[in-house]
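First up is the structure itself, then whatever we jot down about it.
The values are calculated or read from the model by the stated rules, or taken from the named source; none is laboratory data. All values reported here derive from a predicted model rather than from experimental measurement. Cβ placement follows ideal geometry from the backbone for every residue including glycine, while neighbour counts extend to all protein chains displayed.
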Amino acid sequence: MRSVYLDHAAATPLDLRAREVMLPFLDELYSNPSSFHSAGKAVKDAMDEARQSVAKILGTRADEIIFTSGGTESNNLAILGFSHAIKASIKNPQIIISTIEHPSVIETVKYLQEKEGFSVTYLSVDARGMVRPDDLKDALTPQTVLVSIMYANNEIGTIQPIAELGKIIQKFRASLPMSNCQLPVFHTDACQASGVLELNIEKLHVDMLTLNGSKIYGPKGAGVLYVKRGIKLQPLQFGGSQEKTLRPGTENVAGIIGLAKALELAQTERQAEARRLVPLRDKLIAGILKLPKTRLNGHPTERLPNNVNISFMDIEGEALILYLDAQGVYASTGSACTSASLEPSHVILALGLPYEVAHGSIRFSLGRSTIEEDIDYVLKILPPLVEKLRSISPVRVDEKYYVR
């Protein structure tokens, strides 16, 4: 029995090259970077180099890079921090997000809506999970303070037209009076995209951007928030001057060093790795879709090179995950951040599909360790597992949801 890890969208193994640069900061270079002595300065200098490295990849300035504990904290700091900073100056402030955002965006915006009186507009997506640019154009108002649209979806892999959406926002800003011409601010969650797509801020036309280490073969517990110079955030924590007082507390130096290295490697190798992964992805998709009553979720071409999300009709996704696990195949039913919930994926429901289809959705996410033999093994063991589960399932999904 093979061991096949197909859950790279949830977490990736630590790249040995990133691990190597981290090790000194777990041992001899242990000083606090805020300490006023040469040992502390050596650590701070290394952290500054890491910040400069990240800034160079994003095509921005080092002082616009804030290190955090990961994607969830970065998203919270971007949305809560900016909303709290701007609230007093805008009457009836509005936020716009899509219906398929990560829970760290959706739940944060819901809090602002329910507890702090913000107006929220949720942009629906088409059947392939794509935000319609015209919908954003129609939703923008003089009260819009923030737009947050993810770069690539963590469940179905659909890549959003971020640059086009950014241009729409810039054009809208230009139409406003000078007193309000810096709004709305455009934020994107790029955690799933950062290992495979371009991150140049100028080309994306974004004002804030989130990424993290655990999706790019870097360390867990390390993340980045890019914040364009001039944008004011209110901190979520207090008690120190680190990270421009926006993220107080002793820095996770080893994590920061490892994240910067992992991002550099991922961006350097992304095109070659995408060329390797796409044929494997497409082989897995084609093989699974030979099974009756299956459908691909997400855009067929504008999708991450490692993402395969399939709905298997008439079965429970959790049951199939357990059967696959017993055969040495590790996949997931959706976002790792909602894995404790038995609720169906909000992303699949947002595509216009019913609960029964959402409950049967499985995400296979490939990575650097994935080889063709892994795909062959999955395609060999999967059909009898699906057949067995369907034979004992009381569910029968309407034909219209899987006929292609």
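Of the helices (runs of 4 or more DSSP H) lying entirely inside the range 1-86, those containing at least 2 residues that are of a type in the set (S, T, N, Q) and without any contact (Cβ under 8 Å) to a residue 40 or more places away in the chain span 38-58. When Gly298, Gly334, Gly328 are checked against the criterion of being modelled with pLDDT under 95, of a type outside the set (A, V, I, L, M, F, W, C) and touching a strand residue (DSSP E or B) at 6+ places or on another chain (Cβ under 9 Å), Gly334 stands alone in meeting it.
Only a single criterion out of (1) outside the structural domain of Met47 (by TED's automatic domain parsing); (2) surrounded by 18 or more Cβ atoms within 10 Å (Cβ to Cβ) is not satisfied by Arg275, namely (2). Inclusion of Gly195 among residues that are closer than 22 Å to Leu304 by Cβ, modelled with pLDDT under 95 and crowded, with 24+ Cβ neighbours inside 10 Å is warranted.
Among the listed residues Lys215, Lys228, Lys290, identify the single one that is more than 27 Å from Ile348 (Cα to Cα) and touching a helix residue (DSSP H, G or I) at 6+ places or on another chain (Cβ under 9 Å). Matching residue, one of Lys215, Lys228, Lys290: Lys228.
Residue-wise test of (1) within 18 Å of the chain's Cα centre (by Cα); (2) among the β-branched types (Val, Ile, Thr).
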{"position": "Asp48", "(1), (2)": "no, no"}
{"position": "Ala55", "(1), (2)": "no, no"}
{"position": "Thr60", "(1), (2)": "no, yes"}
{"position": "Asp63", "(1), (2)": "no, no"}
{"position": "Ser83", "(1), (2)": "no, no"}
{"position": "Tyr111", "(1), (2)": "no, no"}
{"position": "Lys115", "(1), (2)": "no, no"}
{"position": "Gly129", "(1), (2)": "yes, no"}
{"position": "Arg132", "(1), (2)": "no, no"}
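Counting only residues that are over 27 Å from Leu236 (Cα atoms) and in a helix (DSSP H, G or I), the range 112-152 holds 7 of them.
Taking the criterion of being closer than 13 Å to Met313 by Cα and of a type in the set (D, E, K, R), the residues of the range 278-295 that qualify are Lys293, Arg295. When we screen Gly218, Gly240 for residues that are in contact with a Pro (Cβ under 8 Å, 6 or more places away or on another chain), of a type in the set (Gly, Ala, Ser) and in the same structural domain as Lys167 (by TED's automatic domain parsing), the only hit is Gly240. Exactly one residue among Ile256, Ile169 is touching a residue at least 40 places away in the same chain (Cβ under 8 Å), touching a strand residue (DSSP E or B) at 6+ places or on another chain (Cβ under 7 Å) and either over 16 Å from Met150 (Cβ atoms) or of a type outside the set (Lys, Arg) (or both), and that residue is Ile256. I'd like to check something: does the range 170-178 contain any residue that is surrounded by 14 or more Cβ atoms within 10 Å (Cβ to Cβ) and outside any helix (DSSP H, G or I)? Checked the range 170-178: at least one residue is surrounded by 14 or more Cβ atoms within 10 Å (Cβ to Cβ) and outside any helix (DSSP H, G or I).
Checked against the criterion of being closer than 22 Å to Ala11 by Cα and modelled with pLDDT of 95 or more, the candidates Ile288, Ile348 yield just one match: Ile348.
Residues of the range 92-109 that are more than 22 Å from the chain's Cα centre (by Cα) and either in a strand (DSSP E or B) or at pLDDT below 95 (or both): Asn92, Gln94.
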